[in-house]
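Written below as structure tokens is the structure these notes are about.
The values are calculated or read from the model by the stated rules, or taken from the named source; none is laboratory data. Keep in mind it's a predicted model, so treat the numbers as computed, not measured. Because the Cβ atoms are built from the backbone with ideal geometry, glycine has one as well, and the counts that use them run over all protein chains shown.
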Amino acid sequence: MTALLREVVGDVLRRARTSQGRTLREVSDAAMVSLGYLSEVERGRKEASSELLSAICSALDVPLSRVLIDAGERMARQEALSAPVGTNIDASTKVVIPPVGTMAVA
């Protein structure tokens with residue numbers, strides 16, 4: 001099963017914070033968000049608004065676009081790994097779409 005977007009975004013934010021050696025308190029103070037709420041966002045328990053994500057990213061000095069790109073790439077990898085067998089269409093498959101006839105008007 002693919003992870004939820006909020007879980008992946010939270011993980012990306014946590015990795016950014018820990019790679020900087022910063023504590024939850026430091027980032028929550030800089031972002032002006034409660035420590036508990038930031039913790040919930042990082043654990044994927046809360047869905048952060050775009051304003052909140054922007055504040056957290058600013059506090060981390062990480063572009064919001066980078067967080068979203070990283071999250072999207074992780075989700076794409078997870079989706080590729082969890083895709084059921086046989087869902088890919090063979091590139092040699094041809095589809096014939098019949099021409100649209102004229103429609104009768106009543």
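At-a-glance table
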quantity: Segment 3-46: number of residues that are surrounded by 14 or more Cβ atoms within 10 Å (Cβ to Cβ) and not in a helix (DSSP H, G or I); calculated: 5
quantity: Leu81 being surrounded by 12 or more Cβ atoms within 10 Å (Cβ to Cβ) and either part of a helix (DSSP H, G or I) or touching a Leu at 6+ places or on another chain (Cβ under 7 Å) (or both); calculated: no
quantity: Segment 5-23, residues that are in contact (Cβ under 8 Å) with a residue 40 or more places away in the chain and not β-branched (Val, Ile, Thr); calculated: Leu5, Arg6, Asp11, Leu13, Ala16, Arg17, Gln20
quantity: Unmet requirement for Ala104, which otherwise passes all of (1) within 13 Å of the chain's Cα centre (by Cα); (2) small (Gly, Ala, Ser); (3) at pLDDT below 90; calculated: (1)
